[in-house]
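> Here it is, the structure, as structure tokens.
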Amino acid sequence: MKRIALFLAAAALVVSCKNLAENEFEVTGKVDASLEGKKVFLEKQGGMMGFTAIDTAVVKDGKFTFKDTTSAPAIHFISVEGKPEKLNFILEPGAIDINVDKDTLYKSTTGGTYNNDKLEEFKQISYKMYKKSDKFQKDNTAKYEAAAKINDTVTINKLSKDRLAITKDWEGQLVDFIKKNPKAYCDVIVLGQIAQMGVKKIEEVKVLFDGLDPVVKNTKEGKQISDYFKKLEEDKKTAAAVQQEPAGALKIGDVAPDFSAATPDGKQLSLKQSLGKVTIVDFWASWCKPCRAENPNVVALYNELHAKGLNIIGVSLDKEAGKWKEAIAADKLTWNQISNLKFWEDPIAKQYGVTGIPATFILDASGKIVAKDLRGAELKAKVSELLASK
């Protein structure tokens, strides 16, 4: 009986492996009967977000198949004739299973190989947390807007903290995923999502990357991330060298030079007109993801401490007025905003020696620079300290 059991187990293993040769893959998709006869496209992503079909199959008897060889894991996509969305999966040697949802590819599942099993695990975490975040947004948007109209800082701060708690929970689950699965190819995707959340500093994201398996680091995407961190380090050294240059560099203790530019409604506004007991000069832009990620923290800080004397003036390095105004509205930035709409040619940014954003200058009541480039808890602590000393 034991021999029979062992024989059956071995036979099952052979069947599950589908007798694939080295470096061979077989993608098998199961679809709803409503998609019978539809074309299915295997695609890879090219430059500028374009997609190129590398193979085509036709749904027959509720299935489609792609079979070929590949030497290394790479992100690919499945699209179905008549459907606008695409399903991402990891093309790698082995038998890959895809269950196509009849309504949307976004709900489809992948598996069968190690990397696709892990990708599906990551997707389920993100899907669950997205639903939680989306529900919170729908349940509380009206409350937030009503509180903002009457400057109800207690409600605003509570909602902001609750939203941040959801983001931190989400991020924490992704960090745990990376630590538990350092060999998973999809870690390169997970790292990108963590970075976009803006809770962790870029140095902390690099620590996570450094902990990945060398196999993942040496993938195409892994090398791109590594190059990105190297460039950041070079930029940091360059910025440090610039800050050490005495000629024209603004430093702590200097009086912030006055400036003026147009507000969203076209009126001229100066720094002098915006000074409070404590003033933050905030250089940002609608296209700057780290800036946008930090904005909820600045909103909460402003709502809590504006009545005590905190003023903020935002200096945008945008190029398009429409996108600038949309970002102000979307992020609920109620403090003064100005822009010359000249991107990196902005004269105020040049005047202040700003070479990267977000960049902040914290001024006391006399307009003297007392701190620079603080964020999150450090920024709040410094502002609170300055207000308390007045």
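> Enumerate by residue number the GluC sites (Glu not before Pro) in segment 282-390 meeting two conditions: DSSP loop (anything except H, G, I, E, B), and at most 14 other Cβ atoms within 10 Å of the site's Cβ. Don't jump to the answer; show the numbers that get you there.
Numbers: sites: Glu294, Glu304, Glu320, Glu326, Glu345, Glu378, Glu385; in loops: Glu320.
Sparse-neighbourhood loop GluC sites (Glu not before Pro): Glu320.
> Report the label-to-label distance for Lys83 and Ile166 in nanometres (one decimal), using points 7 Å from each Cα along the Cα→Cβ vector.
With each label point 7 Å from Cα toward Cβ, the separation is 2.7 nm.
> Just to be sure I understand the model, the point goes 7 Å from the Cα along the line to the Cβ. What's the resulting Lys67 to Glu385 distance in nm?
The modelled label-to-label distance comes out at 6.9 nm.
> Now a separate question. In nm, what is the difference between 0.36 nm times the number of residues separating Glu204 and Asp101 and their Cα-Cα distance? Please report the intermediate quantities before stating the final value.
Details: separation 103, 0.36 × 103 = 37.08 nm, distance 3.69 nm.
Stretched out fully, the Glu204 to Asp101 stretch lengthens by 33.4 nm.
> Let me ask something additional. Taking every DSSP beta bridge that has both residues in segment 260-388, what percent is antiparallel when rounded to the nearest 5?
On the way: 12 of 23 bridges.
If I count the DSSP bridges inside segment 260-388, around 50 percent turn out antiparallel.
> Using a simple charge model, +1 on the beta-carbon of Lys and Arg, -1 on the beta-carbon of Asp and Glu, nothing else, what dipole does the chain show about its Cα centre, in debye to the nearest 20?
720
> So what's the net charge close to Val255: Lys and Arg +1, Asp and Glu -1, counting the other residues with Cβ under 15 Å from its Cβ? Each step should come with its number before you reach the end.
Numbers: positive: Lys251, Lys272, Lys368, Lys372; negative: Asp254, Asp258, Asp364.
Net charge in that neighbourhood comes out at +1.
> Would you mind calculating the relative contact order of the chain from Cα pairs under 8 angstrom and at least 6 residues apart, reporting the percent as a whole number? Mind showing how you got there, number by number?
On the way: 580 pairs, mean separation 42.0, N = 390.
11 percent.
> If you don't mind, another one. Using a cut-off of 14 Å between alpha-carbon atoms, which aspartates and glutamates can reach Lys67, once sequence neighbours fewer than 8 places away in the same chain are excluded?
Glu22, Glu24, Glu26, Glu43, Asp55, Glu92, Asp97
> Taking a 25 Å limit on the Cα-Cα distance, which of the listed pairs Lys161/Lys289; Lys132/Lys230; Lys201/Lys382; Lys168/Lys332; Lys289/Lys380; Lys158/Lys319 fall beyond it? Write down the numbers at each step before the final one.
Numbers: Lys161/Lys289 20 Å; Lys132/Lys230 35 Å; Lys201/Lys382 19 Å; Lys168/Lys332 21 Å; Lys289/Lys380 21 Å; Lys158/Lys319 34 Å.
Going by Cα-Cα distance, Lys132/Lys230; Lys158/Lys319 fall outside the 25 Å limit.
> Still on this structure: Find the relative contact order for segment 116-244 and round it to a whole percent, using C-alpha pairs within less than 8 Å whose residues are 6+ positions apart.
Working: 73 pairs, mean separation 27.7, N = 129.
Relative contact order comes out at 21 percent.
> Expressed as a rounded percentage, what relative contact order does segment 15-112 have, with Cα pairs under 8 Å and six or more residues apart?
Values: 221 pairs, mean separation 32.2, N = 98.
Over segment 15-112, the number comes to 33 percent.
> Report the gain in length on full extension from Asp265 to Asp117: 0.36 nm times residue separation, minus Cα-Cα distance, nm rounded to one decimal. Don't jump to the answer; show the numbers that get you there.
Numbers: separation 148, 0.36 × 148 = 53.28 nm, distance 5.20 nm.
48.1 nm is the gain from fully extending Asp265 to Asp117.
> Can I ask one more? Determine the sum of side-chain charges near Val299: Lys and Arg each +1, Asp and Glu each -1, restricted to other residues whose C-beta is under 10 angstrom from that of Val299. Could the numbers behind the result be given before it?
Numbers: positive: Lys332; negative: Glu294, Glu304, Asp331.
Every neighbour counted, the sum reads -2.
> Counting only DSSP beta bridges with both residues in the chain, tell me the antiparallel percent, nearest 5. Write down the numbers at each step before the final one.
Details: 40 of 57 bridges.
Bridges in the chain are about 70 percent antiparallel.
> Here is a further query. Post the alpha-carbon centroid distance, segment 334-357 to segment 112-169, in whole angstrom.
About 31 Å separates the Cα centre of segment 334-357 from the one of segment 112-169.
> Go through segment 98-115 residue by residue and turn each phi into a ³J(HN,Hα) via Karplus (6.51, -1.76, 1.60, θ = phi - 60°); whole Hz please, and just put x for glycine and proline.
Once θ is set to phi - 60°, the couplings for segment 98-115 become 10, 9, 8, 5, 5, 8, 8, 5, 4, 9, 6, 10, 10, x, x, 10, 3, 5 Hz.
> Within segment 84-121, whose backbone N sits under 17 Å from a point 7 Å along Cα→Cβ of Lys180?
Hits in segment 84-121 for Lys180 at 17 Å: 114-121.
> Using the alpha-carbon atoms, what tilt in degrees (0 to 90, nearest 10) does helix 220-244 show relative to the longest principal axis of the chain?
Approximately 10 degrees, to the nearest ten.
> Which one, Asn295, Tyr352, Leu333, projects farthest toward the positive side of the charge dipole computed for segment 260-388 from Cβ point charges (K/R +1, D/E -1)?
Checking the options against the dipole of segment 260-388, the answer is Tyr352.
> What translational diffusion coefficient, to the nearest whole µm²/s, does the chain have by Stokes-Einstein, given a Kirkwood radius computed over alpha-carbon pairs, a temperature of 20 °C and 1.002 mPa s viscosity? Intermediate values should be presented prior to the final figure.
Working: Rh = 24.6 Å.
Once the numbers are plugged in, D ends up at 87 µm²/s.
> Still on this structure, please answer the following. List the residues, sorted by chain then number, that are 5 or more residues from Lys63 or on another chain and whose placed amide H is less than 5 Å from its amide H.
The list, which skips near neighbours in sequence, is Val31.
> Residue farthest toward the positive end of the dipole of the chain, with Cβ of Lys/Arg at +1 and Asp/Glu at -1: which of Ile90, Asn151, Ile312?
The residue sitting most towards the positive pole is Asn151.
> About its Cα centre, how strong a charge dipole does segment 256-349 have in debye, to the nearest 20, once Lys and Arg get +1 and Asp and Glu get -1 at the Cβ? Could you put the intermediate results ahead of the total?
Values: 11 positive and 11 negative charges, 29 e Å.
Computed charge dipole of segment 256-349: roughly 140 debye.
> What does the extension gain come out to for Ala377 and Gln124, with contour length at 0.36 nm per residue minus their alpha carbon separation?
Separation in residues times 0.36 nm, less the Cα-Cα distance, equals 87.9 nm.
Rule-based calculations on the coordinates, nothing more; no lab input. Every value quoted in this text rests on a predicted model; they were computed, and no experiment measured them. Virtual Cβ from ideal backbone geometry, glycine too; neighbours counted across all protein chains shown.
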